[in-house]
Every structure is written in structure tokens, then in C-alpha cells.
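Chemist: Right, I'll just put the structure down here and ask away after.
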Amino acid sequence: ESLKQPDAPDNVHQAYAYLFGLYLGDGCISKMNRVHRLRVALDKKYPQVIQSCVDVLETLFPDNQIGIVDCEGCVNVSLYHKHLPKIFPQDGDGKKHEREIKLEGWQQRIVDTYPLEFFRGLYHSDGSRSQNWVKGKNYPRYTFSNHSDDILKLFTDTAEKLGLHWTTANARNVAISR
């Protein structure tokens, strides 16, 4: 409930914006008896991203134990909490891209206040960086990929708030080259 309060400490809202982006990209919530488990699958090639996830979970859930499970090619960072569906009301049955992803008013205020953190969370979960050769010159290209039109729109809306020019590479991919 403190997340929904506009007067919550800045670090709480900032941490939530980042974690919310991670959750929308590669997170899921599972019912486990009387509690729920949040699990975020992250590429083990990026230990800084894994540590950032752990850090925000420690900020938001200081009394909870955080689990890190090494899987093939990825790491699952998780914790248990009974109110996760209230903290992430986008939780529901089925795949995220098969259901509507709409922000609650309190979530929108947090995303509007901390767009860079939200953008980082989305990018850290479903983004990549590659080389873009133009007329013999090498430029970085950042790509975000997701099956959900709603999540893609959240990404592009946030990119615009940050002054980033984006283009659609195809139905599932957004590119930022400038």
C-alpha cells in the first residue's frame, strides 16, 4: 500500500519503476499456497543487471529473503510475498501478450516521475545492443523486443518522454539508433 502513496520515499518509487519494467519484460508471479512468488529471469551474462534486480528487491522488500537460482543460460531472481498481485495488478492468467496490460493510476504516476528507471527495467529485461553500420561508420543500435503490443507501447511512450527517437523494425521490435 505504501507504493500507492504519493509521499512514499523517492527511493521506493524509483526502485518500483525499475522493478516494474523488469516484471513486464521477464517477470512472472505464481501462486504458492498462501503466498505468491515473483520470479524475474535474467541473462547470466549481465551480472550488473542481476545485482540491480536484487538491489531493488532489497529496497522494496527489506524483510524478505531473495532467491537466486542458476538455470541454463539464465538466473531466476525471486522472492515470496502475499501481496504481489496488488503490487503488480497486471498479473493474471495466461501470457502477458495475450491479455491487456494497463497501468493503474498510481503506477502511471510512478512511471511518469521515474521514466528512466522504468525504461531501464524494460530494456534490461527485453533489450539488446548491436552494431549498426551506416556508410562505413559504426553506430550502436538498441533494440527492444516484446510480443505484447501494450508493453511495446509503454516502451515507446517512455522513450518519447526521454527524448529518444525510435522506429519499428517489425511487429515485435523497436529500435533506437540515435
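Chemist: Given the conditions (1) hydrophobic (A, V, I, L, M, F, W, C); (2) in contact with a Phe, Trp or Tyr (Cβ under 8 Å, 6 or more places away or on another chain); (3) surrounded by fewer than 17 Cβ atoms within 10 Å (Cβ to Cβ); (4) within 29 Å of GLU58 (Cα to Cα), report the number of the one that LEU116 does not fulfil.
Modeler: All conditions pass for LEU116, except number (2).
Chemist: Kindly provide the set of residues from region 144-158 that are closer than 16 Å to PHE118 by Cα and among the hydroxyl-bearing types (Ser, Thr, Tyr), ordered by number.
Modeler: Correct list: SER145, THR156, THR158.
Chemist: Given the criterion touching a helix residue (DSSP H, G or I) at 6+ places or on another chain (Cβ under 6 Å) and open to solvent by 40 Å² or more (accessible area, probe 1.4 Å), identify the matching residue among HIS97, HIS124, HIS81.
Modeler: HIS124
Chemist: For region 150-160, which residues satisfy the criterion of being free of Cβ contacts under 8 Å to residues at least 40 places away in the same chain and in contact with a helix residue (DSSP H, G or I) (Cβ under 8 Å, 6 or more places away or on another chain)?
Modeler: Within region 150-160, the first condition is being free of Cβ contacts under 8 Å to residues at least 40 places away in the same chain, and the residues that meet it are 152-153, 155-157, 160.
Within region 150-160, just PHE155 meets the criteria.
Chemist: In addition: Take LYS102 and tell me if it is part of a helix (DSSP H, G or I) and within 21 Å of VAL174 (Cα to Cα).
Modeler: In short, no.
Chemist: Suppose we keep only residues that are more than 18 Å from PHE118 (Cα to Cα) and open to solvent by less than 80 Å² (accessible area, probe 1.4 Å) within region 31-40. Which one would you say is modelled with the lowest pLDDT?
Modeler: MET32
Chemist: Among the residues of region 57-77, which ones are in a helix (DSSP H, G or I) and either open to solvent by less than 70 Å² (accessible area, probe 1.4 Å) or under 17 Å from GLY25 (Cβ atoms) (or both)?
Modeler: Within region 57-77, LEU57, THR59, LEU60 qualify.
Chemist: Can you pull out the residues in region 12-32 that are not small (Gly, Ala, Ser) and not in a helix (DSSP H, G or I)?
Modeler: CYS28, ILE29, LYS31, MET32
Chemist: State yes or no: is ASP43 open to solvent by 30 Å² or more (accessible area, probe 1.4 Å) and in contact (Cβ under 8 Å) with a residue 12 or more places away in the chain?
Modeler: yes
Chemist: Looking at this structure, is ARG34 among the charged types (D, E, K, R), more than 24 Å from ASN11 (Cα to Cα) and touching a residue at least 12 places away in the same chain (Cβ under 8 Å)?
Modeler: The answer is yes for ARG34.
Chemist: Sticking with this structure for a sec: Testing VAL54 on (1) within 14 Å of the chain's Cα centre (by Cα); (2) open to solvent by less than 30 Å² (accessible area, probe 1.4 Å); (3) in contact (Cβ under 8 Å) with a residue 60 or more places away in the chain, one condition comes back false. Which one is that?
Modeler: (3)
Chemist: What are the residues in region 158-178 that are surrounded by 18 or more Cβ atoms within 10 Å (Cβ to Cβ) and of a type in the set (S, T, N, Q), if any?
Modeler: THR158
Chemist: Within region 102-112, can one find any residue that is in contact with a strand residue (DSSP E or B) (Cβ under 6 Å, 6 or more places away or on another chain) and over 22 Å from PRO9 (Cβ atoms)? Write out each step before concluding.
Modeler: Of the residues in region 102-112, the ones in contact with a strand residue (DSSP E or B) (Cβ under 6 Å, 6 or more places away or on another chain) are none.
Scanning region 102-112 turns up no residue that is in contact with a strand residue (DSSP E or B) (Cβ under 6 Å, 6 or more places away or on another chain) and over 22 Å from PRO9 (Cβ atoms).
Chemist: I need every pair where a residue in region 60-86 that is among the acidic types (Asp, Glu) has its Cβ under 9 Å from the Cβ of a residue that is at pLDDT 95 or above, sequence separation at least 6 or different chains.
Modeler: Final answer for the pair search is ASP70/ASN76.
The values are calculated or read from the model by the stated rules, or taken from the named source; none is laboratory data. Being a predicted model, the structure only gives us computed values, none of them experimental. All Cβ positions, glycine included, derive from the backbone under ideal geometry; neighbour counts span all protein chains shown. Side chains included, ligands, DNA and RNA excluded: accessible areas come from the protein's heavy atoms. Shrake-Rupley method; radii C 1.70, N 1.55, O 1.52, S 1.80 Å.
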